Every structure is written in structure tokens, then in C-alpha cells.
Amino acid sequence: MGLIEINERFCKGCYICIFVCPKKVFEKSDKLNKKGIYPPIAKYPEKCSRCNLCVLQCPDQAISIE
């Protein structure tokens, strides 16, 4: 399984990753970040199939999968 990283400095909280993930890996965090948004988190990284839809659809290039 890949390591999912979300760069909170780049993320603007559009949550596209939450909606496009076919495995429902992401959820909205319950903690505000410095920008005042609830960034997405990879709550279920073990479900990730490495399809890269989240990476491809993120408008801010805030997600990477190793």
C-alpha cells in the first residue's frame, strides 16, 4: 500500500479528493489548520488502491502517493 501525504500548505479545502476516491479513503479532519479549514485526512489508507484519482483531480497538487 502507498503512503498518502496531504500537504496542508497547498490544500484549500475543496474536498474533491473525498468525492473522487472510489475506496472512500479520505474524510474531513475535525481539526482546523492554519488557514482556518478542516483539511482532508487519509483516514483509511489501507483501503487505497493507488488509482491516483485524488492526485490527478487535486487542483492544488496537495496530494502525493508513494
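Under the rule that a partner needs its Cβ under 4.7 Å from the first Cβ, which Cys of the chain have none?
For the chain, the answer is CYS11, CYS14, CYS21, CYS48, CYS51, CYS58, because their Cβ atoms have no other cysteine Cβ under 4.7 Å.
With θ set to phi - 60° and the Karplus curve 6.51 cos²θ - 1.76 cosθ + 1.60, what are the ³J(HN,Hα) couplings of the range 25-30 in order, to the nearest whole Hz, using x for Gly and Pro?
Values per residue, Gly and Pro as x: 6, 9, 9, 6, 5, 9 Hz.
Kindly write out, for the range 44-57 in residue order, the coupling ³J(HN,Hα) from the Karplus curve 6.51 cos²θ - 1.76 cosθ + 1.60 (θ = phi - 60°), rounded to whole Hz, with x marking Gly and Pro.
With coefficients 6.51, -1.76 and 1.60, one gets 10, x, 5, 7, 4, 9, 6, 6, 6, 4, 5, 5, 5, 8 Hz.
Can you compute log10 of I(q)/I(0) for the chain with the Debye formula, treating each Cα as one identical point scatterer, at q = 0.19 Å⁻¹?
-0.63
Just so you know, all these numbers are worked out from the coordinates, no wet-lab data involved. Quick caveat, the model's predicted, so the values are computed rather than measured. Cβ: placed from backbone, ideal geometry, glycine included. Neighbour counts: every protein chain shown.
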